[in-house]
Structures are given as C-alpha cells and as structure tokens.
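Data block below; observations after.
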Amino acid sequence: MNRVVISIPGPPFALKRARHSRAGGFVRTYDPKENVSWKGSAGVFMRQAIGHYIFPGPVRLTVTAKFPCPKTDERKRDPRPERWSMSQKDADNILKAVGDAGNGILWLDDRQVVEATVRKRIAAQGTAPETVVEVEEAT
C-alpha cells in the first residue's frame with residue numbers, strides 16, 4: 001500500500017497544550033481530556049481505513065480540515081460554496097493532532113512525516129465538517 005485517504009467526520013480538532021499539576025512536590029504533565037478523546041476516535045477511523053498496515057518509511061501527509069459553514073453565511077438562493085478559512089484554528093495544531101493520532105496506527109512515529117501540507121477550508125453549505133487525511137509513501 002503506497003497511499004491511503006481517511007475521512008474523520010466532525011469538526012476539525014486542534015491539539016491543546018499539555019497541562020501540568022503539582023502532586024507531592026512533583027510536577028505531573030498530562031494530556032487534556034479533549035486531546036485523548038479526539039485521538040481515540042480519529043484512531044478508530046484510521047484503523048478502519050488502513051487495517052493492520054503501518055507505513056515503514058518516510059511519508060508525505062496532506063490534511064484538509066473542513067470547518068462547518070457558519071449559520072450567518074447560509075443563503076437560500078445561492079448556497080455558499082467551499083472556501084478558504086483564515087479565522088479558525090491554527091493549522092500547525094491541527095497537524096499535531098493528526099500526527100499524534102496516527103502514531104502506531106498509520107506510522108510507527110510521526111517523525112516519519114517528511115513533508116506535510118495543511119489546508120483549512122469552510123465546508124460548502126449543507127456539507128458536513130470533516131478532516132481528510134491523505135498519507136503516501138515518500139520516494
């Protein structure tokens with residue numbers, strides 16, 4: 001297998017920063033609940049698409065984040081088409097979320113990603129939001 005396309009339904013997720021807490025004089029670092037939950041659900045869709053194959057070498061990653069069309073932009077006569085989004089979440093945090101979710105499922109570690117592209121779009125009116133992940137072997 002040299003290329004796979006995965007669709008993760010729902011609004012795109014941007015990875016949140018790690019949290020810290022103090023316990024008994026030590027600092028503990030942990031992932032927020034939202035991160036753990038999204039990585040788990042994304043992992044299910046990734047596993048369904050790829051099965052038990054793991055990319056062994058360098059990979060090229062393309063992530064297309066399609067955000068929901070805002071209710072204020074909806075039109076009755078001329079439905080809004082898909083378009084670029086600049087006001088939504090940071091592209092690098094979306095990429096981090098996909099990279100971390102793919103660890104052990106799509107690749108051994110996200111260090112294997114040698115080329116990455118992130119596209120932020122607002123979905124066409126009436127279209128569900130999703131995150132589309134394309135992974136292919138880098139040659």
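The values are calculated or read from the model by the stated rules, or taken from the named source; none is laboratory data. Just so it is clear, the structure is predicted and the values come from calculations on it, not from any experiment. Cβ placement follows ideal geometry from the backbone for every residue including glycine, while neighbour counts extend to all protein chains displayed. Side chains included, ligands, DNA and RNA excluded: accessible areas come from the protein's heavy atoms. Shrake-Rupley method; radii C 1.70, N 1.55, O 1.52, S 1.80 Å.
Values computed for the structure shown
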{"quantity": "Pair list, Cβ < 6 Å and 6+ apart or interchain, from region 47-71 residues that are under 18 Å from Ala116 (Cβ atoms) to residues that are open to solvent by 70 Å² or more (accessible area, probe 1.4 Å) and among the hydrophobic types (A, V, I, L, M, F, W, C)", "calculated": "Pro58/Val114"}
{"quantity": "Test: residue in region 114-133 that is open to solvent by 40 Å² or more (accessible area, probe 1.4 Å), within 16 Å of Phe13 (Cβ to Cβ), more than 15 Å from the chain's Cα centre (by Cα) and of a type in the set (A, V, I, L, M, F, W, C)", "calculated": "yes"}
{"quantity": "Tabulated pairs, region 117-139, first over 18 Å from Trp107 (Cα atoms), second crowded, with 18+ Cβ neighbours inside 10 Å and charged (D, E, K, R), C-beta under 6 angstrom, 6+ apart or interchain", "calculated": "Arg121/Lys66; Ala123/Lys66; Pro129/Lys66; Glu130/Lys66"}
{"quantity": "Filter result (open to solvent by 40 Å² or more (accessible area, probe 1.4 Å), closer than 18 Å to Arg60 by Cα and assigned to a strand (DSSP E or B)) within region 80-113", "calculated": "Asn103"}
{"quantity": "Selection count where residues are modelled with pLDDT under 95, of a type in the set (Lys, Arg) and closer than 27 Å to Gly40 by Cβ, scope region 52-105", "calculated": "1"}
{"quantity": "Pairs with Cβ under 8 Å, 6+ apart, first in region 75-88 and over 18 Å from Thr64 (Cα atoms), second open to solvent by 80 Å² or more (accessible area, probe 1.4 Å) and at pLDDT 90 or above", "calculated": "Pro79/Gly126"}
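So that you can scan it fast, the table gives a plain yes or no per residue for (1) among the aromatic types (Phe, Trp, Tyr); (2) open to solvent by 80 Å² or more (accessible area, probe 1.4 Å):
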site	(1), (2)
Gly25	no, no
Arg28	no, yes
Asp31	no, no
Gly40	no, no
Tyr53	yes, no
Lys71	no, yes
